[in-house]
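Some notes on the structure that comes next.
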Amino acid sequence: MKFFIKFITLGFATSLAFFNVSVADDRPNILWIVSEDNGARWLGCYGNPAKPTPTLDKLAAEGFRYERCYSSIPVCAPQRFTWITGINAISAGTQGMRSGVQIPDFIRYYPEIFQDIGYYTSKGKDAKTDYNRRSNRSGNDSWNEPKKLEWDVLKQKQPFMHVINTHSTHESRVFGAYNPNKHTAPKAGNLAAYHPDLPGIHFVYEKYNEAHRKMDAEVKIWLAELDQSGLAKSTIVIYSSDHGGVLPRSKRFLYNSGTHCPLIVRIPEKYKNLYPASKPGDTVKELVSFTDFPKTWLNLGNATKDQVEQMQGRSFLGKETEPNPEFVYSFRNRMDDRLDMVRSARDNEFLYIRNYMPFAAVGQFLPYLFNSQAMRDWKQHDLDGRTDAVTSRFFKQPRVIDELYLYEKDYDNVKNLAADSANAARIKAMRAALRQWQLEIFDSGFIPEDEMGQQAAKYELTVYEFVRNPELYPLEQYIDMADKSLELDSKNLGCFLEALNTPFVGNRYWATLGILNLSFVGDSTKGNNVLNAMQALLEKTTESQVVKAYAAWVIVRSGNDKQGQEALDFLKNLGYKTYSFRTVLNVLDWMDPKHSSPVMLDIYLNGKQSGDSARVITNHLISQASAEVAELVEQHSKAVNSITNHEKRLRNYSQKPENISAEKIAKQTTQSQAELARATAVEKELRAKLEAKN
């Protein structure tokens, strides 16, 4: 084999670089197979009674199965950022789903470092480049071959690092409506304790088992091709998912179902010095975080400490491994258009979850998630009053602040031990560990995403740089104020009111949330001192729009009708034309619908929202407005969708597609024009009725 070595000729002013020198290179090739959205318990070797993954089960018997491997964040794009850089997404402001946050040019991608140490890097079979950031370089630029899997090329380019991604288990694979007249729904053998026993839910379980059978068959083909190429004896095979999923309350959430992920590593005998346990087929119980992956894969290729210095994980495989951690951590922030902030710490026994926004339900409406029949049926089951104490908890508002689970004995995380005084010391210790980690990695979540972009831009910094400047982002102060906001102690009210006058927006934000949280547990926030302070925030021209949105909610909750209506009008105006629209939308959806539905209707009729934002508003009105308004909105939204679809068809027909005859195009154009006219007339009539209600 050949690889490049940089020779420096001592005693000369010039250096001779990158001579192609023929030397033996016995470092392993690395083949990393990633499936999307599936938690560990969907594999047979991790306990799925349906056993849909015989190939992966065999791979586990030939390799090493990690029992305690956890995603950093339970959704794809922020996890891809964490993988490609080795930096936790919350350390760079890229934790929001599809965030597009600018990152510094000096942050390197792990394939680039592999190339530095002489590896050929490639990805194929749907390996993605959605790294959830803006950058001055393309996601494909860091790979020698970014799109294809070519075994002959890999054979010539050893050592190599190749990534295969399959979306056969992606969440979208379980979409589609359950029809009892067309579908059978065998009882799921692994029904989670928090899921009600409903045919539509069992149907989705079986659909996802079938998705795993398809994925497993793909893996079988790739492993056979690896064998046929003659590369198997020199290639470490790694299999993992990209996070947990995909039934409701898994993907996007910090419970086991969202973060506990499969990790299987098969190591050829020639590299048995790298075995993490005594022999193939053994299981490994050490805690592993997905943040560890890039640093570990580079360690297998003998990268130096300097080369992986930016990375925040640890090396758990290779010649120089790092000590087992006491804890691993995960995080959750904005998922699509729905806001949240949750952090977790996990040791070898307990999972501790910290909910920083308890005023929002865990299971708030998220359009993409509600494409699943299981999610729709579960929600309807709850609306019908048929859920019990366990199956209803997902929808409760407000929710608990602290959660503590014995996560292996209580795998479904339904027995919250946080309220037991016997666990107070443990929670205190785990919270302290979480805080230390947040400080070490510069958790950027303590200024909300909508506001963070404004703050960083003001100083012409990326978020990554902004949060590392304590004069701009005093993180210790912010964590202190956030913790105080979650104490639900009216004795803190004076502290919150005082903090509203500090120069740091993070302190004002958490102080406002502290007052909001108090409004759910007593009357301490209904005094004139609080109302005047909140009103002052609304009137302050330099105040953050995000802070103002929450201050308006406090005023509405005060019970003062006049000021409450003025606050609602303020939110309505804020919702039309501002950077904080996403915050306003969420606040209105969390609010008591008797206050927020009229505002939502106004925005529905007169706003410029689209995509998920439009679906959140529409769902709010259909599910929470008066019966008459709900019916009109449902009919109107169908008319709008019909208009959109027919306009799209007409655009397609105007391009005269070659696969359709001219006669058929003319006929379908006429039909679509007629349907468009009918839908437009219906939409106009329904809009007039809704405007009369507004």
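Mind checking which helices (runs of 4 or more DSSP H) fall wholly inside region 466-576 and carry at least 1 residues that are under 30 Å from Y604 (Cβ atoms)?
On the way: elements: 475-485, 493-499, 505-518, 528-539, 545-557.
Hits in region 466-576: 505-518, 528-539, 545-557.
Out of the residues in region 342-366 that are farther than 24 Å from D480 by Cβ and among the polar types (S, T, N, Q), which is farthest from the chain's Cα centre (by Cα)?
N348
Consider G559 carefully, then state whether it is over 26 Å from the mean Cα position of the chain (by Cα), crowded, with 17+ Cβ neighbours inside 10 Å and modelled with pLDDT under 95.
Numbers: over 26 Å from the mean Cα position of the chain (by Cα): yes; crowded, with 17+ Cβ neighbours inside 10 Å: no; modelled with pLDDT under 95: yes.
The answer is no for G559.
Within region 126-134, does at least one residue satisfy the condition of being among the β-branched types (V, I, T) and either crowded, with 19+ Cβ neighbours inside 10 Å or at positive phi (or both)?
There is no residue in region 126-134 that is among the β-branched types (V, I, T) and either crowded, with 19+ Cβ neighbours inside 10 Å or at positive phi (or both).
Out of the residues in region 507-540 that are of a type in the set (F, W, Y) and within 24 Å of Q454 (Cα to Cα), state the one that is surrounded by the most Cβ atoms within 10 Å (Cβ to Cβ). Write out each step before concluding.
Start the filter on region 507-540 by keeping residues that are of a type in the set (F, W, Y), which leaves 509-510, 520.
Restricting the remaining residues to those that are within 24 Å of Q454 (Cα to Cα) gives 509-510.
Details: Y509: 24, W510: 28.
Among those that are of a type in the set (F, W, Y) and within 24 Å of Q454 (Cα to Cα), it is W510.
Does V616 count as of a type in the set (A, V, I, L, M, F, W, C), in contact with a Phe, Trp or Tyr (Cβ under 9 Å, 6 or more places away or on another chain) and in contact (Cβ under 8 Å) with a residue 24 or more places away in the chain?
Numbers: of a type in the set (A, V, I, L, M, F, W, C): yes; in contact with a Phe, Trp or Tyr (Cβ under 9 Å, 6 or more places away or on another chain): yes; in contact (Cβ under 8 Å) with a residue 24 or more places away in the chain: yes.
It is true that V616 is of a type in the set (A, V, I, L, M, F, W, C), in contact with a Phe, Trp or Tyr (Cβ under 9 Å, 6 or more places away or on another chain) and in contact (Cβ under 8 Å) with a residue 24 or more places away in the chain.
Quick check: anything in region 574-581 buried (at least 20 other Cβ atoms within 10 Å of the Cβ), within 31 Å of the chain's Cα centre (by Cα), modelled with pLDDT under 95 and of a type in the set (S, T, Y)? Give the derivation first.
Just the residues of region 574-581 that are buried (at least 20 other Cβ atoms within 10 Å of the Cβ), to begin with: 574-575, 580-581.
The next check asks that each one be within 31 Å of the chain's Cα centre (by Cα); those that pass are 574-575, 580-581.
Among the residues that remain, those that are also modelled with pLDDT under 95 are: 574-575, 580-581.
Narrowing further to those that are of a type in the set (S, T, Y): 580.
Scanning region 574-581 turns up at least one residue that is buried (at least 20 other Cβ atoms within 10 Å of the Cβ), within 31 Å of the chain's Cα centre (by Cα), modelled with pLDDT under 95 and of a type in the set (S, T, Y).
For (1) in contact with a helix residue (DSSP H, G or I) (Cβ under 7 Å, 6 or more places away or on another chain); (2) loosely packed, with under 15 Cβ neighbours inside 10 Å, each residue gets a yes or a no:
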{"position": "K155", "(1), (2)": "yes, yes"}
{"position": "S168", "(1), (2)": "yes, no"}
{"position": "V174", "(1), (2)": "yes, no"}
{"position": "N179", "(1), (2)": "no, yes"}
{"position": "T184", "(1), (2)": "no, yes"}
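Sort out which residues of region 40-74 are of a type in the set (G, A, S) and part of a loop (DSSP other than H, G, I, E, B), and write them in order of number. First the steps, then the outcome.
Taking region 40-74 and keeping what is of a type in the set (G, A, S), we get 40, 44, 47, 50, 60-61, 63, 71-72.
Within region 40-74, G47, A50, G63, S71, S72 meet the criteria.
How do the helices (runs of 4 or more DSSP H) wholly within region 585-694 filter down when requiring 1 or more residues that are over 30 Å from D340 (Cα atoms) and not aliphatic (A, V, I, L, M): which remain? So that I can check it myself, show each step before the final result.
Working: elements: 593-606, 611-624, 627-654, 662-693.
In region 585-694, the matching helices (runs of 4 or more DSSP H) lie at 627-654, 662-693.
Going through F446, F504, F496, F466 one at a time, which residue ends up being of a type in the set (A, V, I, L, M, F, W, C), surrounded by 14 or more Cβ atoms within 10 Å (Cβ to Cβ), within 21 Å of the chain's Cα centre (by Cα) and not assigned by TED's automatic domain parsing to the domain that holds R108?
Working: F504 fails: within 21 Å of the chain's Cα centre (by Cα); F496 fails: within 21 Å of the chain's Cα centre (by Cα); F466 fails: within 21 Å of the chain's Cα centre (by Cα).
After ruling out the rest, the residue left standing is F446.
Going through N371, N355 one at a time, which residue ends up being more than 22 Å from F442 (Cα to Cα) and touching a strand residue (DSSP E or B) at 6+ places or on another chain (Cβ under 6 Å)? It would help to see each step written out before you state the result.
Numbers: N355 fails: more than 22 Å from F442 (Cα to Cα).
Of the residues listed, the single one that is more than 22 Å from F442 (Cα to Cα) and touching a strand residue (DSSP E or B) at 6+ places or on another chain (Cβ under 6 Å) is N371.
When R27 is evaluated against the numbered criteria (1) in contact (Cβ under 8 Å) with a residue 40 or more places away in the chain; (2) under 28 Å from the mean Cα position of the chain (by Cα), which criterion, by number, is the only one it fails?
So R27 meets the others, but not (2).
The values are calculated or read from the model by the stated rules, or taken from the named source; none is laboratory data. Quick caveat, the model's predicted, so the values are computed rather than measured. Every residue, glycine among them, receives a Cβ derived from its backbone with ideal geometry; neighbour counts consider all protein chains shown.
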